[in-house]
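Taking it in order: structure first as structure tokens, then the write-up.
The values are calculated or read from the model by the stated rules, or taken from the named source; none is laboratory data. What you see is a predicted model, and the numbers here were worked out from it, not measured in a lab. Every residue, glycine as well, gets a Cβ built from its backbone with ideal geometry; the counts of neighbours run over all protein chains shown. Heads up: the accessible areas ignore ligands, DNA and RNA and are worked out on the full protein's heavy atoms, side chains in. Shrake-Rupley method; radii C 1.70, N 1.55, O 1.52, S 1.80 Å.
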Amino acid sequence: MTAMKLLKRAAFWALVAGIVLFSVFPFYYAILTSLETGSGIFTVSYWPDALDLGNYASVMNEGEFPRNFLNSVGVAVAVVIVSLCLAVTAAYALSRVPFRGRGLLLLTVLSVSMFPQIAVLAGLFEMVRYFGLYNTLGSLILSYMIFTLPFTVWVLTTFMRDMPVELEEAAIVDGATPLQIVVKVFLPLLWPALVTTGLLAFIQAWNEFLFALTFVASNDTRTVPVAIALLSGSSGKEVPWGEIMAASVIVTLPLVALVLVFQRRIVAGLTAGGVKG
Amino acid sequence: MTSRPAPPAASRSALRAQRLRSAAMFLAPMLAVLAFVAGWPLARTIWFSLTDASLGDLAGAQWIGLNNYLEWFDYGDGDGEYFGLLADPGWWNAVGNTLRFALVTVSVETVLGMAIALVLNADFPGRGWVRAAVLIPWAIPTIVSAKMWAWMLNDQFGIINDVGMRLGLLSAPVAWIASGDTALIAVMIVDIWKTTPFMALLILAGLQMIPRDIYEAARIDGVHPVRVFWKITLPLVAPALIVATIFRGLDALRVFDIVYVLTPNNQQTTTMSVFAQQNLFQFDKFAYGSAASTLLFLVIAFITIGYIKAARLDLTGGGR
């Protein structure tokens with residue numbers, strides 16, 4: 001009986017170990033590769049046996065990678081700020097003010113998040129060129145609204161819906177305008193939801209590829225996903241795996257840090273939204 | 001009714017009118033932006049699909065009806081041939097690849113996600129750390145995961161071949177990405193690795209809503225754990241599972257990034273999105289690519305509408 005129990009315990013922990021290995025190993029291996037240079041890269045190693053920062057140095061000093069990194073930061077931050085500003089007031093209207101057609105409106109917003117990006121690509125391309133935004137970061141900030149905005153509106157609406165009516169009633173009795181109610185009453189209570197949705201919007205904008213590939217075409221305006229996808233060696237013959245992995249690690253570390261710090265909030269936001277991962 | 005004092009009623013309706021006005025003002029910017037970045041471009045894509053637009057001359061596009069979708073070209077001698085998307089083997093190949101990809105990845109992700117969710121739902125020391133570890137693949141940019149796996153699946157220096165040979169699973173190194181038979185499998189592996197955590201978390205949220213005392217009762221009655229899973233856990237988690245599967249399915253149908261980066265220009269892995277993007281920007285067949293985009297949009301729209309109708313989503317209040 002106890003042997004059986006012990007076996008079960010062992011099987012359970014083996015399962016846990018398997019899950020962790022499955023999740024973490026590719027990233028671990030990318031770090032290992034990024035620390036190897038020369039011929040060391042081409043021998044498979046399972047444990048760190050080199051600590052060469054050469055790949056990081058060449059990624060940061062040659063080419064436009066630092067610029068691409070800043071572009072990504074700028075775009076993602078702008079997208080988060082704009083979509084949160086637009087979404088907070090909209091979510092207030094959708095969750096606290098009853099009006100006819102509210103359900104339908106919410107459904108429309110939700111259905112936009114289902115749009116395949118490719119379906120708007122041709123039309124957006126025309127628009128971006130028309131407004132002279134081609135090859136600028138503005139084109140990305142604008143186009144990323146299509147997936148961050150519905151998501152933020154949806155999640156903030158569900159958060160605000162659950163807040164007690166008394167909150168507002170007191171403010172209304174005091175003669176507060178709706179804008180004052182949003183800013184003075186809801187905003188202070190909403191910050192956990194804002195952090196969650198802001199993080200998710202940041203990650204989505206940081207990782208986006210198709211629009212960034214299409215609307216931006218020169219090395220110094222690219223964002224990191226496209227830069228990494230197009231990274232090729234100076235000789236053009238050999239794939240610079242060490243540098244690609246170094247760049248990948250640099251791009252991923254901020255996200256992994258965010259996930260580890262805010263994992264509870266992220267899980268709450270993902271499951272509340274359930275809209276898009 | 002008549003005894004009700006008039007002024008408060010009047011001010012109440014004035015208040016209501018004011019609230020409605022501000023609601024409209026609050027919603028307007030958000031709706032304007034969405035119409036601008038989603039509604040209008042979608043309409044333009046559909047319009048382009050009905051014209052002969054080319055990348056260099058979008059403004060000079062001429063209406064040609066449904067010819068991009070299907071056109072009968074008559075040779076003049078009573079014989080002829082169909083042209084257009086619906087008669088294009090390349091398009092149907094992309095449809096087939098997309099469906100295979102969606103079916104396999106979503107099924108595997110559901111099963112694996114369920115297993116991980118069940119483990120994470122158990123109480124054990126260090127559970128928070130395991131959950132954080134599981135989130136890592138989800139947080140890694142798709143492009144980066146594709147590159148990481150491209151390196152791991154490398155035919156000469158890849159660790160997957162090395163492990164496979166060491167364990168005796170492979171007799172010779174496999175060219176996972178380059179060879180036609182395995183390219184789509186490689187794409188599937190990356191997607192499964194990247195998206196299973198998301199599945200697991202959605203299912204876990206469903207699992208955590210099941211009241212613990214049901215399990216308690218089953219344990220006291222001595223019900224076998226496997227039976228508990230089939231009779232209690234699965235039926236109760238089914239709604240969450242279905243929602244997760246449908247969202248994932250829709251996501252899988254529009255897959256682009258992984259395929260584009262892992263296996264560029266490979267017939268064996270071209271999906272509907274990749275097919276559309278290639279025609280739009282690489283083959284200079286802008287209108288044709290627009291038609292492909294429109295078809296993909298229609299497929300996804302029908303599934304979404306069907307789902308909303310079937311689930312009768314509660315959007316007015318309460319909800320999830």
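Points to keep in mind about this one:
- Residue match in segment A:144-158 (condition: open to solvent by less than 40 Å² (accessible area, probe 1.4 Å), of a type outside the set (A, V, I, L, M, F, W, C) and without any contact (Cβ under 8 Å) to a residue 40 or more places away in the chain): no
- Scan segment B:151-181 for residues that are free of Cβ contacts under 8 Å to residues at least 24 places away in the same chain, under 23 Å from B:Phe101 (Cβ atoms) and among the aliphatic types (A, V, I, L, M) and the total you get is 5.
- The residues in segment B:191-212 that are of a type in the set (Val, Ile, Thr), closer than 26 Å to A:Asn207 by Cβ and more than 9 Å from chain A (Cβ to nearest Cβ) can be counted, and the count is 2.
- Within segment A:128-164, the residues that satisfy the criterion of being away from every other protein chain (no Cβ under 11 Å) and among the aromatic types (Phe, Trp, Tyr) are A:Tyr134, A:Phe151, A:Phe159.
- When A:Phe125 is tested against (1) assigned to a helix (DSSP H, G or I); (2) facing chain B (nearest Cβ under 7 Å); (3) of a type in the set (Phe, Trp, Tyr), just one condition goes unmet, and that condition is (2).
- Pairs linking a residue in segment B:285-310 that is facing chain A (nearest Cβ under 8 Å) to a residue that is of a type in the set (Ser, Thr, Tyr) and open to solvent by less than 60 Å² (accessible area, probe 1.4 Å), with Cβ atoms under 7 Å and 6 or more positions apart or on different chains, are B:Phe286/B:Ser54; B:Ser290/B:Thr45; B:Ser290/B:Ser49; B:Ser293/B:Thr45; B:Thr294/B:Thr45; B:Thr294/B:Ser49; B:Leu296/B:Ser273; B:Thr304/A:Ser111.
- Hey, A:Thr214 part of a helix (DSSP H, G or I), open to solvent by less than 20 Å² (accessible area, probe 1.4 Å), among the hydroxyl-bearing types (Ser, Thr, Tyr) and under 20 Å from A:Leu137 (Cα atoms) or not: yes
- Filtered by the rule that a residue be within 15 Å of B:Arg16 (Cα to Cα) and facing chain B (nearest Cβ under 10 Å), segment A:176-196 gives A:Thr177, A:Pro178, A:Leu179, A:Ile181.
- Restricting segment A:74-113 to residues that are β-branched (Val, Ile, Thr) and either free of Cβ contacts under 8 Å to residues at least 12 places away in the same chain or not in a helix (DSSP H, G or I) (or both), the residue that is nearest to the other protein chains (Cβ to nearest Cβ): A:Val97
- Applying the set (1) farther than 18 Å from B:Ala117 by Cβ; (2) open to solvent by 10 Å² or more (accessible area, probe 1.4 Å) to B:Pro239 leaves exactly one unmet item: (1).
- Condition broken by A:Gly269, with the remaining ones in (1) at pLDDT 85 or above; (2) farther than 21 Å from A:Ser143 by Cα satisfied: (1)
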